[in-house]
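Structure first, commentary second.
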Amino acid sequence: MPESVNLLELSAEQIKSLIKSGKITVSVFGLGSVGLAIATVWLRAGARVIGVDIDDRKVKDLNTGVVRHSEQVVVETIKSSLRAGTFYATTSGGEAVKESNVLDIIVPVLYNSGGPDFTSLDDVVVTIGKNMVEGQAVVLESSVPPLTTEYRVRPVLEELSNLRSDIDFALIYSPERVLVGRAVEDIEVRYPKIVSGVGPRSLALAEKLFSIVAKAGVIKASSPRVAEFAKLAEGVYRDVNIALANELSKLSQALDVDLIEVIEIANTQPYSHLHKPGAGVGGHCIPVYPRFLSWLGQLHGVDLELVELARRINDSQPLQVVRLLLEEVGGIERRKVKVAVLGLAYRGNVPIPIGSPTYRIVKELVRLGYEVTVHDPLIEADPLLSSLGASLVKDLVEALKGSDVVIVATDHNHYKEVTPCKLVELSQNPGLIIIDARDVIDVSECCGARYLGIGRGRKCT
């Protein structure tokens with residue numbers, strides 16, 4: 001270790017001073033989008049950082065200054081820290097553990113048909129357990145089912161290290177709470193940091209560490225399972241709320257009522273926080289968290305019926321988009337219809353397609369015999385989309401030329417600048433059908449286009 005200290009024995013001021021002077025080293029396990037943001041935050045606080053990842057190509061790129069991230073602050077910080085010698089990346093987790101004071105884990109825990117997939121987390125925990133020494137702090141930031149820290153991570157670390165948690169080393173659970181695209185700001189400024197520990201000494205150290213980087217302060221949870229549950233509950237709330245909006249959008253469509261207007265009015269009441277309907281829910285997080293809780297509920301004999309129903313509603317929402325297209329296209333022969341889908345990313349202004357509703361929309365349209373082109377200004381190529389039989393382009397003119405239908409599936413800012421008149425012009429189709437699943441198209445002028453928005457109804461006839 002670069003500085004022989006026992007973090008459990010230091011005061012808040014001592015820890016702060018050591019970090020600011022670069023005498024504390026943090027290893028960040030998992031260099032995805034959030035992991036790089038976490039590394040950036042520690043670097044900006046003054047710590048030395050070792051980035052650990054199993055992807056040899058990613059590690060080599062980072063060590064040569066190739067930083068692929070949507071946040072400029074991350075790119076600039078990693079590059080400047082490389083030059084300063086305060087950051088490097090490695091595939092050797094064991095060596096990183098030996099060189100570090102804080103071991104920060106942010107590897108993904110996924111979900112498959114059999115339940116949560118802990119493979120990546122288990123591998124990291126084993127590596128840390130085999131190499132850790134007295135006085136270190138292990139921090140888990142990954143989103144995990146409640147009880148993971150106490151009953152999956154803790155026993156392995158103690159058995160392999162022959163050390164006692166909360167006595168010889170700190171074990172902390174502190175979930176990341178970020179929105180991709182502004183993660184550094186979220187950690188440093190926007191949200192309080194939830195912290196918990198397996199005992200009072202771990203909790204006290206968690207508060208000392210994260211008070212240095214989280215200007216909004218820290219919230220101390222009484223146990224790791226509370227903090228784990230709270231992180232998942234945040235995501236499940238959003239999933240259920242979006243499902244409610246998606247259900248209401250179907251009724252509003254039948255009644256010819258603009259649900260977006262309804263939501264704006266309803267949300268002036270302080271207890272109403274209705275979300276907007278859309279094309280579905282994607283990404284790493286919201287589709288997964290409900291499944292974690294449902295899985296855990298089943299193990300404990302509890303059926304989370306509302307949570308599971310919301311997940312089914314949101315999973316089926318891409319089919320609602322396709323259904324609206326079928327109703328609008330009517331009698332036009334399918335083999336003659338060309339559809340341009342605007343947006344592959346699961347969320348606006350990020351270059352990440354994981355779990356995007358666009359995949360399901362495209363799959364159904366191709367199955368029905370339509371010619372489909374997908375446009376996304378932020379994504380270069382996508383093998384999964386190609387395997388579905390659709391092309392991906394970055395040129396909007398190319399995507400729209402000759403199109404009969406345009407589906408807006410992602411709320412990129414790029415699309416908010418596109419009007420129906422512009423879409424008609426670029427498609428060269430005066431009878432263009434626009435299905436806006438993200439409420440981004442300004443319909444103050446229609447120029448002959450037929451507009452139908454999820455939750456908004458028909459605005460151009």
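The values are calculated or read from the model by the stated rules, or taken from the named source; none is laboratory data. Model, not experiment: these values are computed from the prediction. Quick reminder, even Gly has a Cβ in these numbers, built from the backbone with ideal geometry, and neighbours come from all protein chains shown.
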Residue match in the stretch 33-49 (condition: over 21 Å from V126 (Cβ atoms), in contact (Cβ under 8 Å) with a residue 40 or more places away in the chain and charged (D, E, K, R)): yes
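Among the listed residues G32, G65, G46, which satisfies the condition of being under 16 Å from S100 (Cα atoms) and in the same structural domain as I212 (by TED's automatic domain parsing)? Walk me through how you get there before you give the answer.
On the way: G32 fails: under 16 Å from S100 (Cα atoms); G65 fails: under 16 Å from S100 (Cα atoms).
Matching residue, one of G32, G65, G46: G46.
Got a number for residues in the stretch 159-174 being touching a Ser or Thr at 6+ places or on another chain (Cβ under 6 Å) and either of a type in the set (G, A, S) or assigned to a loop (DSSP other than H, G, I, E, B) (or both)?
We begin by selecting, within the stretch 159-174, every residue touching a Ser or Thr at 6+ places or on another chain (Cβ under 6 Å); these are 166, 170-173.
With the extra rule that they be either of a type in the set (G, A, S) or assigned to a loop (DSSP other than H, G, I, E, B) (or both), the set shrinks to 166, 170.
Residues that pass the stated criteria total 2.
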Positions within the stretch 397-424 being closer than 17 Å to G453 by Cα and among the acidic types (D, E), in sequence order: D404, D411, E417
A254, sole failed condition from (1) in contact with a helix residue (DSSP H, G or I) (Cβ under 9 Å, 6 or more places away or on another chain); (2) modelled with pLDDT under 95: (1)
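Taking the stretch 177-201 on its own, how many of its residues are in a helix (DSSP H, G or I) and either under 24 Å from G282 (Cα atoms) or free of Cβ contacts under 8 Å to residues at least 60 places away in the same chain (or both)?
Looking only at the stretch 177-201, we keep the residues that are in a helix (DSSP H, G or I), and these are 183-190, 200-201.
If we keep only those that are either under 24 Å from G282 (Cα atoms) or free of Cβ contacts under 8 Å to residues at least 60 places away in the same chain (or both) as well, we get 183-187, 189-190, 200.
The number of residues fulfilling the criteria is 8.
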Close pairs from the stretch 228-245: first among the polar types (S, T, N, Q), partner surrounded by 16 or more Cβ atoms within 10 Å (Cβ to Cβ), Cβ under 9 Å, at least 6 apart: N241/L274; N241/H275; N241/A310
Condition check for E95: in the same structural domain as L140 (by TED's automatic domain parsing) and in contact with an Asp or Glu (Cβ under 9 Å, 6 or more places away or on another chain): no
Filter result for the condition that a residue is in contact (Cβ under 8 Å) with a residue 12 or more places away in the chain and touching a helix residue (DSSP H, G or I) at 6+ places or on another chain (Cβ under 6 Å), over V102, V59, V109: V109
So G129, is it assigned by TED's automatic domain parsing to the domain that holds A37 and under 18 Å from S222 (Cβ atoms): no
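Only one of L209, L232 is farther than 16 Å from L8 by Cα, surrounded by 19 or more Cβ atoms within 10 Å (Cβ to Cβ) and either of a type outside the set (S, T, N, Q) or not assigned by TED's automatic domain parsing to the domain that holds S294 (or both); which? Spell out how you get there, then give the answer.
On the way: L209 fails: farther than 16 Å from L8 by Cα.
The conditions single out L232.
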Tabulated pairs, the stretch 127-144, first within 26 Å of K193 (Cα to Cα), second part of a helix (DSSP H, G or I) and small (G, A, S), C-beta under 6 angstrom, 6+ apart or interchain: G129/S161; M132/S161
Any hit, the stretch 280-292, residues being surrounded by fewer than 21 Cβ atoms within 10 Å (Cβ to Cβ), in a helix (DSSP H, G or I), among the hydroxyl-bearing types (S, T, Y) and modelled with pLDDT of 95 or more: no
Checking V374 against (1) in a loop (DSSP other than H, G, I, E, B); (2) surrounded by 20 or more Cβ atoms within 10 Å (Cβ to Cβ), the condition it does not meet: (1)
Count of the stretch 239-271 residues which are within 22 Å of the chain's Cα centre (by Cα) and surrounded by fewer than 17 Cβ atoms within 10 Å (Cβ to Cβ): 2
Residue ID - nearest to P277 (Cα to Cα), chosen from residues in the stretch 339-362 that are surrounded by fewer than 19 Cβ atoms within 10 Å (Cβ to Cβ) and in contact with a helix residue (DSSP H, G or I) (Cβ under 9 Å, 6 or more places away or on another chain): G348
Total residues in the stretch 147-158, condition under 26 Å from A214 (Cα atoms) and either among the aliphatic types (A, V, I, L, M) or in a loop (DSSP other than H, G, I, E, B) (or both): 2
